[in-house]
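Down below is the structure, laid out as structure tokens.
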Amino acid sequence: MQALPIFFNIKNRHCVVIGGGDVATRKVNMLLKADADVTIVSPSLVEAIQVLLDDEKVKVIKADYEKNQLMGACLVIAATDNQAVNKEVSRDAQALNIPVNVVDSPALCTFTMGSIIDRSPVVIAISSEGNAPVLARYIRTKIETMLPAGYGRIAEIAGEFRDKVKLKFATTQQRRIFWEDVLQGPMVERVLSGQEQAARELLQHLIDAPDATSHKGEVFLVGGGPGDPDLLTFRALRLMQQCDVCVYDKLVSPEVMALVRRDAELIYVGKSRDQHTLPQEEINELLAKLALQGKRVLRLKGGDPFIFGRGGEEIETLMARGVPFQVVPGITAANGVSSYAGIPLTHRDYAQACLFITGHLKDGTLDLDWVAMSRPSQTVVIYMGLVGLAQICEKLIEHGVSADMPVAVVQQGTTQRQKVVVATLADLAEKVTAAGLKPPCLTIIGEVVKLREKLAWFEPNS
């Protein structure tokens with residue numbers, strides 16, 4: 001982010017627009033929507049801007065631009081078709097420490113105005129920092145279709161009850177949870193269907209309810225997927241925005257973590273092989289303890305909670321403590337990483353089965369089911385197997401798998417840091433070491449790996 005997005009209160013404040021054409025007209029209209037006092041400076045005006053002169057908040061100086069016309073302004077916009085004048089306005093405004101925008105000239109601006117979605121008092125502005133204004137308008141159009149016009153009325157009604165809610169609920173957390181429940185409930189539908197008085201009555205009823213201040217904690221066991229935030233489910237994203245505290249693993253990507261509610265408490269409990277920030281038993285107890293304090297706890301895991309994610313162990317403890325919970329599946333690493341690597345896990349010509357294996361057992365050993373892993377016409381996917389990779393290859397060859405069996409190891413799959421090494425069982429360990437791969441990695445063994453040469457589609461930037 002190279003520019004700080006802010007909302008600037010210009011109500012009844014003096015703003016200056018240099019220019020009298022169609023572009024200037026659009027800028028004046030925007031300022032008037034924000035209830036500013038606008039002075040237009042231009043020797044000539046188009047007809048559209050002439051219509052605005054009846055507004056008592058609009059003044060006109062029919063003259064060429066001079067620096068003294070900026071005096072006392074809180075904001076300046078240059079919208080002429082003369083680049084020399086625009087540069088002069090930018091230079092003069094900056095010398096006077098007045099925020100200035102020069103239309104279509106980001107280098108001359110100290111601020112830019114995004115594409116605006118107006119559901120007043122809800123206002124959304126989208127900016128590309130001047131790089132792609134058409135893209136910003138396209139994004140605005142997409143969001144416009146998602147936000148009914150009635151959202152502004154929802155905000156106004158919520159504002160009417162804000163003081164009552166503050167009196168009812170002692171803490172910020174209690175107020176936030178109350179509003180989250182309200183905004184996902186029938187009150188919203190009342191407003192959107194035009195029943196605003198019914199919405200007010202319902203909201204008052206919810207505030208007056210005897211148990212309004214009570215809230216039982218809950219745990220959201222959420223699969224964060226293999227790394228790409230676009231692979232999150234809608235439900236996962238919604239709960240990530242509702243939590244009071246987030247307990248997260250090492251395998252959750254930074255891009256996914258960026259979507260957790262910004263003011264949530266973050267607790268890292270990541271694990272590496274033989275290095276645990278917290279033992280699993282303590283993590284289980286931590287989740288129960290936080291929920292019993294009345295908090296909404298997001299237990300965020302890489303991949304899927306129930307596929308080598310120890311989610312089952314955690315909810316056993318929650319059930320024993322009587323803690324409410326819900327489980328949100330995620331795209332497991334095998335599915336996501338193999339797809340982004342261009343390797344289908346099954347294929348009629350190569351693999352009629354797929355086996356998911358953990359690279360080390362609970363006791364840290366590699367005493368795996370080598371017979372099952374060595375069967376023909378299948379794909380074997382190994383999670384967390386990077387450390388024991390050489391031994392895994394040796395054991396599979398010992399149990400009859402061809403030393404020429406193709407294998408792929410994918411580092412940080414589905415992200416822009418994805419790296420893929422393709423080899424055979426015979427030379428895999430050597431190639432992985434040479435490539436300097438580090439966890440998290442996923443290993444895919446089987447004839448389907450041959451298809452990567454034709455099907456690889458994902459090209460990370462780095």
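Given the structure, is LEU239 closer than 17 Å to GLY223 by Cβ, crowded, with 17+ Cβ neighbours inside 10 Å, in contact (Cβ under 8 Å) with a residue 40 or more places away in the chain and more than 26 Å from the chain's Cα centre (by Cα)? No: the conditions fail for LEU239. Checked against (1) touching a strand residue (DSSP E or B) at 6+ places or on another chain (Cβ under 9 Å); (2) closer than 25 Å to ASP244 by Cβ, PRO226 meets all criteria but (2). For segment 13-44, the set of residues classified as assigned to a loop (DSSP other than H, G, I, E, B) and either under 13 Å from PRO99 (Cβ atoms) or not assigned by TED's automatic domain parsing to the domain that holds GLU88 (or both) consists of ARG13, ALA36, listed by residue number.
On the stretch given as segment 157-177, residues that are modelled with pLDDT of 90 or more, assigned to a helix (DSSP H, G or I) and hydrophobic (A, V, I, L, M, F, W, C) total 4. Only one entry in SER90, SER105 is surrounded by 12 or more Cβ atoms within 10 Å (Cβ to Cβ), of a type in the set (Gly, Ala, Ser) and under 33 Å from the mean Cα position of the chain (by Cα), namely SER105.
Condition check ((1) in the same structural domain as LYS289 (by TED's automatic domain parsing); (2) touching a helix residue (DSSP H, G or I) at 6+ places or on another chain (Cβ under 8 Å); (3) under 24 Å from THR415 (Cα atoms)) across all residues:
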site: ARG310; (1), (2), (3): yes, yes, yes
site: GLN352; (1), (2), (3): no, no, no
site: SER374; (1), (2), (3): no, yes, no
site: MET384; (1), (2), (3): no, no, yes
site: ILE397; (1), (2), (3): no, no, no
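Residues in segment 106-122 that are more than 18 Å from LEU135 (Cβ to Cβ) and in contact with a helix residue (DSSP H, G or I) (Cβ under 6 Å, 6 or more places away or on another chain): LEU108, ARG119, SER120, PRO121, VAL122. Give segment 45-71 a look and list any residue that's of a type outside the set (Val, Ile, Thr), more than 24 Å from ALA107 (Cα to Cα) and part of a loop (DSSP other than H, G, I, E, B), or say none. Selection gives LEU45, ASP55, GLU56, LYS57, LYS62, ALA63. If the condition is being surrounded by fewer than 16 Cβ atoms within 10 Å (Cβ to Cβ) and not hydroxyl-bearing (Ser, Thr, Tyr), then segment 208-233 contributes ASP208, ALA209, PRO210, ASP211, LYS216, ASP230.
Could you say whether any residue in segment 184-199 is within 24 Å of the chain's Cα centre (by Cα) and either of a type in the set (S, T, N, Q) or closer than 24 Å to GLY217 by Cβ (or both)? The answer is yes; a qualifying residue exists.
Can you name every residue in segment 383-419 that is part of a loop (DSSP other than H, G, I, E, B) and either free of Cβ contacts under 8 Å to residues at least 12 places away in the same chain or among the hydrophobic types (A, V, I, L, M, F, W, C) (or both)? Spell out how you get there, then give the answer.
Residues of segment 383-419 that are part of a loop (DSSP other than H, G, I, E, B), as a first pass: 384-388, 399-405, 412-418.
Result: MET384, LEU386, VAL387, VAL401, ALA403, MET405.
Cβ-Cβ distances below 6 Å connect the following pairs, each with a first residue in segment 360-381 that is modelled with pLDDT of 95 or more, a second residue that is among the hydrophobic types (A, V, I, L, M, F, W, C) and in a loop (DSSP other than H, G, I, E, B), and a separation of six or more residues or different chains: SER374/VAL401; GLN378/ALA353; THR379/LEU345. Within the option set THR358, THR379, THR332, THR414, being surrounded by fewer than 19 Cβ atoms within 10 Å (Cβ to Cβ) and either in contact with a helix residue (DSSP H, G or I) (Cβ under 9 Å, 6 or more places away or on another chain) or among the β-branched types (Val, Ile, Thr) (or both) holds for one residue only, THR358.
Going by what's in this entry, would GLY388 be described as surrounded by 14 or more Cβ atoms within 10 Å (Cβ to Cβ), within 29 Å of PHE306 (Cβ to Cβ), at pLDDT below 95 and of a type in the set (Gly, Ala, Ser)? For GLY388, the condition - surrounded by 14 or more Cβ atoms within 10 Å (Cβ to Cβ), within 29 Å of PHE306 (Cβ to Cβ), at pLDDT below 95 and of a type in the set (Gly, Ala, Ser) - is met. For SER120, the conditions (1) closer than 27 Å to PRO5 by Cβ; (2) surrounded by 14 or more Cβ atoms within 10 Å (Cβ to Cβ) all hold with the exception of (2). Candidates in segment 423-443 are the residues that are out of contact with any helix residue (DSSP H, G or I) (no Cβ under 6 Å at 6 or more places or on another chain) and assigned to a strand (DSSP E or B); of these, the one that is nearest to LEU251 (Cα to Cα) is CYS441.
Filter segment 432-462 down to the residues that are of a type outside the set (A, V, I, L, M), touching a strand residue (DSSP E or B) at 6+ places or on another chain (Cβ under 6 Å) and under 17 Å from ILE382 (Cα atoms) and list them by number. Across segment 432-462, the qualifying residues are CYS441, THR443, GLY446. Scanning segment 37-61 for residues that are more than 10 Å from GLY19 (Cα to Cα), surrounded by fewer than 16 Cβ atoms within 10 Å (Cβ to Cβ) and not β-branched (Val, Ile, Thr) yields GLU47, ALA48, GLN50, LEU53, ASP54, ASP55, GLU56, LYS57, LYS59.
The values are calculated or read from the model by the stated rules, or taken from the named source; none is laboratory data. Since the structure is predicted, the reported quantities are computational estimates derived from the model, not experimental observations. No Cβ is skipped: glycine too gets one built from the backbone with ideal geometry, and neighbour counts run over all protein chains shown.
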